[in-house]
Amino acid sequence: MSFKRKYFILVPVIVGLLWMIKDSFTQPGTSDLKGNFEELDFKRNEQNTGPVIRIYAVSVADTLWNEMEQYGKLMPHTKYGTTRVFFFKRGNFPKGVDISLDGDNINNDLKRSCLARYEKNAMGQTFLSKYPFSIN
């Protein structure tokens, strides 16, 4: 192989590898969002072979609906599983946030201060419900 041909092949390969490495380390994450999100609690069922259920409780600085939806989209999701994220305004919820895998996932005290619920269901459809537990 000639000297030029080696570099003609080697340079694009190196550039491609560097591009992939850079892209791997610059993926967007929850810290890039404006809402100043903080995870309060997390529960996951023990099922590893069937549908995985993930429930998150998150505090947020303000009611930035688009940012909440983006946060939900960044959360892990398993095929045929369910991911739910409950959002609470920072400082506007009782101490000791505790979520469960049963029923509505949060207790009645927390329902009053829940700003939004993001859900990604088993079919991959996403929903953001604003004030999901309010009584109209």
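When V52 is tested against the conditions (1) under 27 Å from F133 (Cβ atoms); (2) β-branched (V, I, T); (3) modelled with pLDDT under 85, the lone failure is (3). Residue pairs whose Cβ atoms lie under 7 Å apart, separated by 6 or more positions or on different chains, with the first residue in segment 57-68 and within 11 Å of L128 (Cβ to Cβ) and the second among the β-branched types (V, I, T) and surrounded by 14 or more Cβ atoms within 10 Å (Cβ to Cβ), are M68/V60. Screening the candidates V97, V85, V58 for the property of being assigned to a loop (DSSP other than H, G, I, E, B), under 21 Å from the mean Cα position of the chain (by Cα) and surrounded by 12 or more Cβ atoms within 10 Å (Cβ to Cβ) yields one hit, V97.
Residues in segment 106-124 that are more than 15 Å from the chain's Cα centre (by Cα) and surrounded by 19 or more Cβ atoms within 10 Å (Cβ to Cβ) were compared, and the one that is modelled with the highest pLDDT is L115. From the set of residues in segment 1-53 that are of a type in the set (D, E) and closer than 20 Å to D102 by Cα, which is nearest to the chain's Cα centre (by Cα)? This residue is E39.
For segment 125-136, the set of residues classified as within 19 Å of the chain's Cα centre (by Cα) and not aromatic (F, W, Y) consists of Q125, T126, L128, S129, K130, P132, listed by residue number.
Look at K43 and say whether it is surrounded by 10 or more Cβ atoms within 10 Å (Cβ to Cβ), modelled with pLDDT under 85 and more than 19 Å from K73 (Cβ to Cβ). It is false that K43 is surrounded by 10 or more Cβ atoms within 10 Å (Cβ to Cβ), modelled with pLDDT under 85 and more than 19 Å from K73 (Cβ to Cβ).
Take segment 100-130 and flag every residue that is part of a loop (DSSP other than H, G, I, E, B), more than 27 Å from K79 (Cα to Cα) and either touching a strand residue (DSSP E or B) at 6+ places or on another chain (Cβ under 8 Å) or in contact (Cβ under 8 Å) with a residue 24 or more places away in the chain (or both).
Step one: list which residues in segment 100-130 are part of a loop (DSSP other than H, G, I, E, B), which gives 100-107, 113, 121-125.
Those still in the list that are more than 27 Å from K79 (Cα to Cα) too: 107, 113.
Selection gives S113 alone.
The values are calculated or read from the model by the stated rules, or taken from the named source; none is laboratory data. Predicted model, so just to flag it, every value in this text is computed and none were measured. When we count neighbours, we look across all protein chains shown, and the Cβ atoms used for this are built from the backbone with ideal geometry, even at glycine.
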